[in-house]
Amino acid sequence: MSRPKRWYDADAVDSLRVVRRSSLDESYALERWRHPRTAPGLGECLLYPLTDGPGLGLLFLFPPVLWVLSLPVFDFVAVLQPLTKSDWALGLMVVPVFIPMLVSFAMVVGYLFLFLGHVLVASAMGENDHPRWPEWTPDDVAEGLGRWIWALAMGAAVAGPPAVAYWNWYGGVDARSGIVVGALVVLGTGFTQMALAAALMHDTILAANPVTVIVAVRRIGWSYLLPTVVASVVLLGQGLGVYGLLYLVPRMWIEAVGLWGFWFFTLYGGMVTLRMVGLTYHAHAMELFWFRRRPKWATGTRAGRIYANS
């Protein structure tokens, strides 16, 4: 009787399993189903926040948190009115009380910005599932907040000086000034969201520069108009909401309900806008060639898992 060879393992049949190729293809299709490389429609982007668990959780869990953290700010403005009464001494005495709440508010907003950045990247990769919730770590939140601040600053630098110069020159409130200011708002919004997309996808704020943004918008062409208009409408709604809460609300309970609705609209509009921007990039990825793989900061997907976060 000959001795078995050293590589021989009598129990190997129990540890080795052969999977048919059709099963692999089916599981891969379920795990990574993608959006076609076509321009996104307004309807599908409006439905996107309501089609999966993370989006619904964002809309129903975070508005109450933001409501609690931001409601005292309106009371502070209503009681002290530092811009009209110039009661800065009393205002400075109250500021230390608001510092912990402001820090908590900044952390929550930074985390929401981080999640919305995941929405943009997942949409840019063509994924139809919502991204998973990111980890709540101060460094990631601060880094994500820094990208948003940089992109907003770039957009303000593009649209702000022309708007101020026009107001100083003309200074009238009529249809003409409304059209000019509206065009500048659309211009700044379009520049801001493309700068944000560049900073998130390239994983560096250095990519959010005028050259990269202008070249990207030029290559996308008129397909970039709809995402810009949608983002401008959301921005206009936010501005009108803040103005109404500060100056037009007659009752405190109406202000409380309106503030909750404001945060709900803000989060919903943010997801719709970034979904549309991401899918627009996905449709024109061959013209842009920004990146081929998911950025390191946005690793981890939920593809194929409905109403789950792991």
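The values are calculated or read from the model by the stated rules, or taken from the named source; none is laboratory data. Keep in mind that this is a model prediction, so the values were computed, not measured. All Cβ positions, even for glycine, are placed from backbone atoms using ideal geometry, and neighbour counts span all protein chains on display.
Overview of results
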item	result
Set Pro250, Pro210: member being at pLDDT below 85 and loosely packed, with under 14 Cβ neighbours inside 10 Å	Pro250
Among the residues listed as Leu116, Leu184, Leu196, the single one being in contact (Cβ under 8 Å) with a residue 12 or more places away in the chain, surrounded by fewer than 19 Cβ atoms within 10 Å (Cβ to Cβ) and under 21 Å from Leu226 (Cβ atoms)	Leu184
Any pair with Cβ under 7 angstrom, 6 or more apart, that starts in the stretch 137-149 at a residue that is under 20 Å from Ala195 (Cβ atoms) and touching a residue at least 12 places away in the same chain (Cβ under 8 Å) and ends at one that is surrounded by 14 or more Cβ atoms within 10 Å (Cβ to Cβ) and of a type in the set (Asp, Glu)	none
Any hit, the stretch 108-124, residues being at pLDDT 85 or above, in contact with a strand residue (DSSP E or B) (Cβ under 8 Å, 6 or more places away or on another chain) and under 28 Å from Thr280 (Cβ atoms)	no
Residue within the stretch 146-161 that is in contact with a Leu (Cβ under 7 Å, 6 or more places away or on another chain), over 25 Å from Val109 (Cα atoms), assigned to a helix (DSSP H, G or I) and not hydrophobic (A, V, I, L, M, F, W, C) present	no
Test result for Leu279, crowded, with 19+ Cβ neighbours inside 10 Å, touching an Asp or Glu at 6+ places or on another chain (Cβ under 9 Å), hydrophobic (A, V, I, L, M, F, W, C) and modelled with pLDDT of 90 or more	yes
Residue count, the stretch 109-139 (criterion: in a helix (DSSP H, G or I) and either closer than 15 Å to Cys45 by Cβ or in contact with a helix residue (DSSP H, G or I) (Cβ under 6 Å, 6 or more places away or on another chain) (or both))	13
Those helices (runs of 4 or more DSSP H) lying entirely in the stretch 212-294 with at least 2 residues on the phi < 0 side of the Ramachandran plot and of a type in the set (D, E, K, R)	252-283
